[in-house]
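Working notes, structure below.
The values are calculated or read from the model by the stated rules, or taken from the named source; none is laboratory data. All figures in this text were calculated on a predicted structure; none of them were measured in a lab. Ideal geometry is used to build each Cβ from the backbone, glycine not excepted, and the neighbour counts take in all protein chains shown.
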Amino acid sequence: MANLYKLQFNNRTILTPSRDSFVAFTEGEPPTPLFPSDMDFIYLANNFDGTKIVNIVPNSTFGDYMKSGTLTINGTGADTYLTNSNSGSNYLYKDLTTAQLDAMKAINSTYTFFIRCMQTSGDNGMGGILSWRFNNGGNDTYIYMIRAYQQQLQLHTTTGNQCGSNFSLTTDRVYKVVINGSYFNAYNLDNNIEYSLTYSTNRSMGSQLRTFWAGNDEYNLSRFYALAGIPRATTAEEDIQIKEYLMSQGV
């Protein structure tokens with residue numbers, strides 16, 4: 001085996017057996033992953049192709065977010081977002097398998113959502129962010145959903161609950177929502193302020209997940225930037241990774 005000569009160049013270690021060939025590698029730890037590998041989905045507005053948003057998580061079987069009606073793509077790069085003209089005819093949807101829906105019900109487990117959406121100052125209505133409502137033969141079967149309500153992020157149950165002023169949708173940021181049994185927790189990832197509520201573990205929820213339209217007149221969501229979901233609790237480090245990825249949209 002030929003002798004290898006070790007050289008330093010631009011913070012790289014170069015091993016070379018001769019003047020004519022070499023192998024180079026970067027010293028140090030492997031790069032930090034952009035997001036956890038076991039996520040179900042990451043949907044980014046800048047991946048909208050006119051019919052769907054491709055799920056960018058490698059090896060995930062969760063599938064893409066499909067378009068119904070007309071959605072308009074606005075902006076570029078990290079600032080790309082979708083609008084629906086405030087119409088219940090225009091929305092994103094994903095038909096869920098029984099296993100996928102059971103995971104999101106999180107009756108005896110944990111499901112974590114990450115949300116980058118806005119409801120701007122000119123829009124005081126209600127709109128679906130993550131909704132399983134009115135899509136099982138027209139029944140009101142959501143039990144819980146996550147929606148925009150008067151420019152606030154709302155964890156909404158059949159009795160109605162609101163997160164409050166620290167969860168404003170007029171600011172472009174990422175929120176985290178964790179569902180675990182009867183515990184619902186929302187986090188403002190800018191300051192880690194938490195809002196919690198409890199509810200029954202009854203989960204008679206519809207099998208289609210939607211954004212923009214949540215049934216009735218609830219379709220006023222101003223901007224869709226990104227959503228992500230993972231069927232477990234996440235660490236603080238993972239929260240930072242996912243937040244940064246949604247805010248950058250991978251750009």
| Mind checking which residues of the stretch 128-152 are in contact with a Leu (Cβ under 6 Å, 6 or more places away or on another chain) and either among the aliphatic types (A, V, I, L, M) or modelled with pLDDT of 95 or more (or both)? | ILE146, ALA148
| said: Criterion first (surrounded by 15 or more Cβ atoms within 10 Å (Cβ to Cβ), closer than 18 Å to SER207 by Cα, under 19 Å from the mean Cα position of the chain (by Cα) and not charged (D, E, K, R)) does LEU96 satisfy it? | reply: yes
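Identify, from the list GLY50, GLY63, the residue that is under 16 Å from LEU227 (Cβ atoms), in a loop (DSSP other than H, G, I, E, B) and modelled with pLDDT of 95 or more.
Details: GLY50 fails: under 16 Å from LEU227 (Cβ atoms).
Exactly one of GLY50, GLY63 is under 16 Å from LEU227 (Cβ atoms), in a loop (DSSP other than H, G, I, E, B) and modelled with pLDDT of 95 or more, namely GLY63.
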| said: Which count do you get for residues in the stretch 194-220 that are in contact with a Lys or Arg (Cβ under 8 Å, 6 or more places away or on another chain) and either of a type outside the set (D, E, K, R) or not assigned by TED's automatic domain parsing to the domain that holds TRP132 (or both)? | reply: 6
| Looking at ASN90, ASN108, which is the one that is of a type outside the set (D, E, K, R), touching a Gly at 6+ places or on another chain (Cβ under 6 Å) and at pLDDT 95 or above? | ASN90
| field | Single residue of THR170, THR201, THR235 found to be without any contact (Cβ under 8 Å) to a residue 12 or more places away in the chain and surrounded by fewer than 21 Cβ atoms within 10 Å (Cβ to Cβ) | value | THR235
| task | Return yes when SER222 is of a type in the set (Gly, Ala, Ser) and either at pLDDT below 95 or surrounded by fewer than 18 Cβ atoms within 10 Å (Cβ to Cβ) (or both) and no when it is not. | result | no
| request: Can you confirm whether the stretch 154-162 contains a residue that is touching a strand residue (DSSP E or B) at 6+ places or on another chain (Cβ under 6 Å), surrounded by fewer than 17 Cβ atoms within 10 Å (Cβ to Cβ) and small (Gly, Ala, Ser)? | output: no
